[in-house]
1. Quick check on my filter: what residues within region 213-240 are farther than 27 Å from Ala165 by Cα, out of contact with any His (no Cβ under 8 Å at 6 or more places or on another chain) and open to solvent by 10 Å² or more (accessible area, probe 1.4 Å)?
2. Taking Ser292, is it open to solvent by less than 10 Å² (accessible area, probe 1.4 Å), hydroxyl-bearing (Ser, Thr, Tyr) and either modelled with pLDDT of 95 or more or within 17 Å of Cys145 (Cβ to Cβ) (or both)?
3. For region 244-271, name all the residues that are open to solvent by 30 Å² or more (accessible area, probe 1.4 Å) and over 23 Å from the mean Cα position of the chain (by Cα).
4. Lys210 versus (1) open to solvent by 20 Å² or more (accessible area, probe 1.4 Å); (2) under 25 Å from Ser369 (Cβ atoms): which is the lone unmet condition?
5. For region 355-379, how many residues are open to solvent by 40 Å² or more (accessible area, probe 1.4 Å) and not in a helix (DSSP H, G or I)?
6. Can you say whether Arg408 is in contact (Cβ under 8 Å) with a residue 40 or more places away in the chain, of a type in the set (Lys, Arg) and surrounded by 16 or more Cβ atoms within 10 Å (Cβ to Cβ), as far as the supplied structure shows?
7. Considering only residues of region 319-354 that are touching a Leu at 6+ places or on another chain (Cβ under 8 Å) and aromatic (Phe, Trp, Tyr), which is surrounded by the most Cβ atoms within 10 Å (Cβ to Cβ)?
Amino acid sequence: MGRHGWESHTRRWRLTALLGVGAAALALVVTLFGTLSGGPGTAGTTRDGDKVHGTPAVPGAKPQPYVGWGFTHTQYSADEGAATATSRVERLLARNRGLAQNQHIMGWGADNPEPVEGHYDFGALDRRVDFMRASGGTPVITLCCAPDWMKGGRAGVDHTNWSQAALETAPTPGHYQDFADLAATVARRYPDVKHFIVWNEFKGFWNDAKSRWDYEGYTKLYNLVYTALKKVDKDIMVGGPYLVMDSVDPRDQNASATLKGPWGAMDRRVLDAFAYWNAHRAGADFTVVDGSSYTNDDELLPDEFAATDKLTAVSRWIRQQTHDLPLWWAEYYVEPGDGNGNRTGWTEPHRVAVQATGLIAMVRGGAGSGFYWNPQQKTGAGCGGCLWTPTDGADGGRELPMYDLVSRFAKAFPPGTAYETVSVAPDDQPNLRVLASSRTVLVVNTRNRTISTQVDGHRFAMGPYEVKWLDR
């Protein structure tokens with residue numbers, strides 16, 4: 001869908017001078033041999049991709065089909081940069097042990113994992129998994145995207161096509177099993193990763209001829225991956241379909257007549273795709289989707305705060321369809337982007353307030369897990385919505401307001417939380433969004449002005465777009 005963008009990963013070899021010379025010589029020999037023989041280059045790859053990497057985290061209790069609230073590592077994250085800065089983020093995350101962290105297997109910071117059939121390059125993915133382990137995160141892997149040779153491209157370490165169009169191409173049906181085999185290889189390599197999401201946003205599964213999603217193709221791929229992962233470890237948790245829950249203007253020809261509200265109407269083609277997957281899936285331990293509070297025309301209906309009611313309505317619909325399977329939101333967006341996908345039009349207090357409202361909306365719909373997208377930028381001072389400052393310099397890796405929101409929400413409202421209704425003064429109800437458990441109350445001022453309010457028996461003032469946490 002192109003909502004969040006991406007960039008290919010730049011390799012950074014960390015070898016001693018002696019090993020570097022040896023590796024370079026070996027790579028030259030392999031490359032020359034591949035060139036002379038006409039075969040694809042395999043320099044820097046290994047044949048034992050399923051060999052356990054590093055030191056897996058000590059197994060805990062049997063994995064559950066939820067992980068709580070966390071974030072997805074994107075192109076630039078704290079696994080690289082100045083040592084002082086990356087260590088600062090590790091310590092920051094360690095204070096919130098168990099904060100879920102998601103990583104894709106190709107793109108968004110990871111290299112092509114299998115540039116030639118049977119030849120693997122997990123260097124970048126290893127580094128991300130190592131970072132998740134070191135920071136105490138609950139690791140999640142999204143099984144996307146696919147090596148070129150699985151989707152009609154050229155095999156070889158130097159032939160990966162990192163264009164967006166190429167990355168967002170699905171495997172051809174004849175390679176669905178190859179992709180499932182790759183998923184199983186990943187699962188054996190990281191035995192402490194117990195949660196896997198199958199593919200991303202139905203990328204490459206649009207049927208132009210029928211002007212609808214190729215849900216039959218996706219479901220076939222999903223079922224093969226599900227089966228392959230369960231053969232590796234029956235306790236692995238697997239979920240899909242990671243559909244973008246697009247909404248449209250209610251007058252749109254594709255508007256759903258049943259799932260709609262002041263926020264717009266769901267695109268019926270998305271609902272059809274979800275229904276097919278739900279009816280024909282081999283199994284699922286959780287459901288995962290993504291989406292925005294705004295329509296596909298970037299309309300916030302009737303305003304940015306009330307638009308988040310869509311997240312509640314969609315969550316409830318999904319839970320009904322799946323008979324209450326645990327629900328994850330792989331991505332959630334409340335601020336429309338510009339032509340380049342950047343979201344920089346709001347002040348940070350405004351952004352945090354609407355994000356908090358979105359989190360509340362998902363929970364009210366029955367969601368128990370979700371991932372914030374956009375940990376950091378590559379460099380620079382400004383970073384709207386980032387979790388921490390860029391780690392390219394020694395002073396980087398410092399906590400930003402969005403990290404405070406995500407981490408506190410994850411701690412205060414873990415899966416299984418029993419939510420309670422608290423008193424809110426009638427005059428204040430239109431101005432506030434509130435979520436409460438027996439121990440914590442989250443209050444959001446949706447107005448760009450200071451207000452005096454009364455919640456749960458306490459009278460206090462709130463600044464413009466303030467987010468306040470109350471202990472009970």
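1. So in region 213-240, the residues farther than 27 Å from Ala165 by Cα come out as 227-237.
Narrowing the set further to residues that are out of contact with any His (no Cβ under 8 Å at 6 or more places or on another chain) leaves 227-235.
Selection gives Thr227, Ala228, Lys230, Lys231, Val232, Asp233, Lys234, Asp235.
2. Details: open to solvent by less than 10 Å² (accessible area, probe 1.4 Å): yes; hydroxyl-bearing (Ser, Thr, Tyr): yes; either modelled with pLDDT of 95 or more or within 17 Å of Cys145 (Cβ to Cβ) (or both): yes.
It is true that Ser292 is open to solvent by less than 10 Å² (accessible area, probe 1.4 Å), hydroxyl-bearing (Ser, Thr, Tyr) and either modelled with pLDDT of 95 or more or within 17 Å of Cys145 (Cβ to Cβ) (or both).
3. First, the residues of region 244-271 that are open to solvent by 30 Å² or more (accessible area, probe 1.4 Å): 249-253, 257-258, 260, 262, 268-269.
Passing the criteria: Asp249, Pro250, Arg251, Asp252, Gln253, Ala257, Thr258, Lys260, Pro262, Arg268.
4. (2)
5. Pass one, region 355-379, residues open to solvent by 40 Å² or more (accessible area, probe 1.4 Å): 364, 374, 377-379.
Still in the list and also not in a helix (DSSP H, G or I): 374, 377-379.
Counting residues in region 355-379 that are open to solvent by 40 Å² or more (accessible area, probe 1.4 Å) and not in a helix (DSSP H, G or I) gives 4.
6. Working: in contact (Cβ under 8 Å) with a residue 40 or more places away in the chain: yes; of a type in the set (Lys, Arg): yes; surrounded by 16 or more Cβ atoms within 10 Å (Cβ to Cβ): yes.
Spelling it out, Arg408 is indeed in contact (Cβ under 8 Å) with a residue 40 or more places away in the chain, of a type in the set (Lys, Arg) and surrounded by 16 or more Cβ atoms within 10 Å (Cβ to Cβ).
7. In this case the residue turns out to be Trp329.
Residue-wise test of (1) out of contact with any Lys or Arg (no Cβ under 9 Å at 6 or more places or on another chain); (2) more than 20 Å from Val289 (Cα to Cα); (3) crowded, with 24+ Cβ neighbours inside 10 Å.
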| residue | (1), (2), (3) |
| --- | --- |
| Asn102 | yes, no, yes |
| Ile105 | yes, no, yes |
| Gly109 | no, yes, yes |
| Gly118 | no, yes, no |
| Gly123 | no, yes, no |
| Ser135 | no, yes, no |
| Met150 | yes, yes, no |
| Asp158 | yes, yes, no |
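The values are calculated or read from the model by the stated rules, or taken from the named source; none is laboratory data. Predicted model only: the values in this text are computed from it and were never measured. Note that we place each Cβ from the backbone using ideal geometry, even for glycine, and neighbour counts take in every protein chain shown. Only protein heavy atoms, including side chains, enter the accessible area calculation; ligands, DNA and RNA are left aside. Shrake-Rupley method; radii C 1.70, N 1.55, O 1.52, S 1.80 Å.
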